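Structure record follows, encoded as C-alpha cells.
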Amino acid sequence: MENCLFCTIIRGEIPSAKVYEDDLVYAFRDINPQAPTHVLVIPKVHAASLGAAEQLTDAQLAACLRACGKVAELEGLAETGFRVVSNCGKDACQSVEHLHFHVLGGRAMKEQMA
C-alpha cells in the first residue's frame, strides 16, 4: 500500500533500525519503545491487521511468528522471556494499519495484560 508508513519503511524510503530481515518479513526497533527491547515484526506484504490475515498466505503469517522467535534470540531474550503482542484496531490502540507484532523484553513484564 503506497501511503502506509510500514510499507514505506520496507521499501527503504524511511530509515529504520533493522534487527532482522528475510524474504517475507522485516523487523526493526520501535521508535517509542515500551520496554528495554521493543522490536516490530511486519510482513513485507500489506495486511491491515490480524483481522485481515486472509490477505496473507499461511507461509507469510507463519514467517512473522517465526521471526518473532528469531528476534528474541538475536536480542538475547530467548532464555529470560519475552512478550509478543499484536494490536488490532482502534480500540486496541493499533496506530499503524499494517499488521505488526511487538516483541517486548529486557525486563519483567506485568502479569496483567490490560
Would you confirm, using the coordinates I've provided, whether residue 82 is among the aromatic types (Phe, Trp, Tyr) and within 25 Å of residue 3 (Cα to Cα)?
no
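In the set 50, 77, which member is of a type in the set (A, V, I, L, M, F, W, C), at pLDDT below 95 and surrounded by 12 or more Cβ atoms within 10 Å (Cβ to Cβ)?
50
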Considering only residues of the stretch 85-114 that are in contact with a His (Cβ under 7 Å, 6 or more places away or on another chain) and closer than 12 Å to residue 37 by Cβ, which is surrounded by the fewest Cβ atoms within 10 Å (Cβ to Cβ)?
102
Exactly one condition in (1) touching a helix residue (DSSP H, G or I) at 6+ places or on another chain (Cβ under 6 Å); (2) surrounded by fewer than 17 Cβ atoms within 10 Å (Cβ to Cβ) is not met by residue 59; state its number.
(1)
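Identify, from the list 67, 48, 92, the residue that is touching a Phe, Trp or Tyr at 6+ places or on another chain (Cβ under 9 Å), on the phi < 0 side of the Ramachandran plot and among the hydrophobic types (A, V, I, L, M, F, W, C). Explain how you work it out, then say what you get.
Numbers: 48 fails: touching a Phe, Trp or Tyr at 6+ places or on another chain (Cβ under 9 Å); 92 fails: touching a Phe, Trp or Tyr at 6+ places or on another chain (Cβ under 9 Å).
Just a single option satisfies the conditions, and that option is 67.
In the stretch 34-114, which strands (runs of 3 or more DSSP E) lie fully inside it and hold 2 or more residues that are without any contact (Cβ under 8 Å) to a residue 40 or more places away in the chain and small (Gly, Ala, Ser)?
none
How many residues are of a type in the set (D, E, K, R) and within 15 Å of residue 94 (Cβ to Cβ) if we restrict to the stretch 33-60?
Of all residues in the stretch 33-60, those of a type in the set (D, E, K, R) come to 44, 54, 58.
Among the residues that remain, those that are also within 15 Å of residue 94 (Cβ to Cβ) are: none.
Number of matching residues: 0.
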Hits in the stretch 62-74 (condition: under 19 Å from residue 30 (Cα atoms) and either of a type in the set (Val, Ile, Thr) or surrounded by 17 or more Cβ atoms within 10 Å (Cβ to Cβ) (or both)):
64, 67, 68, 70, 71, 72
Among residues of the stretch 21-32, those that are without any contact (Cβ under 8 Å) to a residue 40 or more places away in the chain, closer than 18 Å to residue 92 by Cβ and of a type in the set (D, E, K, R), counted
0
If residue 16 passes every condition in (1) surrounded by fewer than 17 Cβ atoms within 10 Å (Cβ to Cβ); (2) of a type outside the set (Lys, Arg); (3) part of a loop (DSSP other than H, G, I, E, B); (4) without any contact (Cβ under 8 Å) to a residue 24 or more places away in the chain but one, which one does it miss?
(1)
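Considering 9, 42, which residue is touching a Cys at 6+ places or on another chain (Cβ under 9 Å) and modelled with pLDDT of 95 or more? Before you say what the answer is, go through the steps one by one.
Values: 9 fails: touching a Cys at 6+ places or on another chain (Cβ under 9 Å).
Step by step, each of 9, 42 is checked, and only 42 is touching a Cys at 6+ places or on another chain (Cβ under 9 Å) and modelled with pLDDT of 95 or more.
The values are calculated or read from the model by the stated rules, or taken from the named source; none is laboratory data. Only a predicted model underlies this, so the values are computations on that prediction, with no experimental measurement involved. For neighbour counting, all protein chains shown are included, and Cβ atoms are generated from backbone atoms with ideal geometry for every residue, glycine included.
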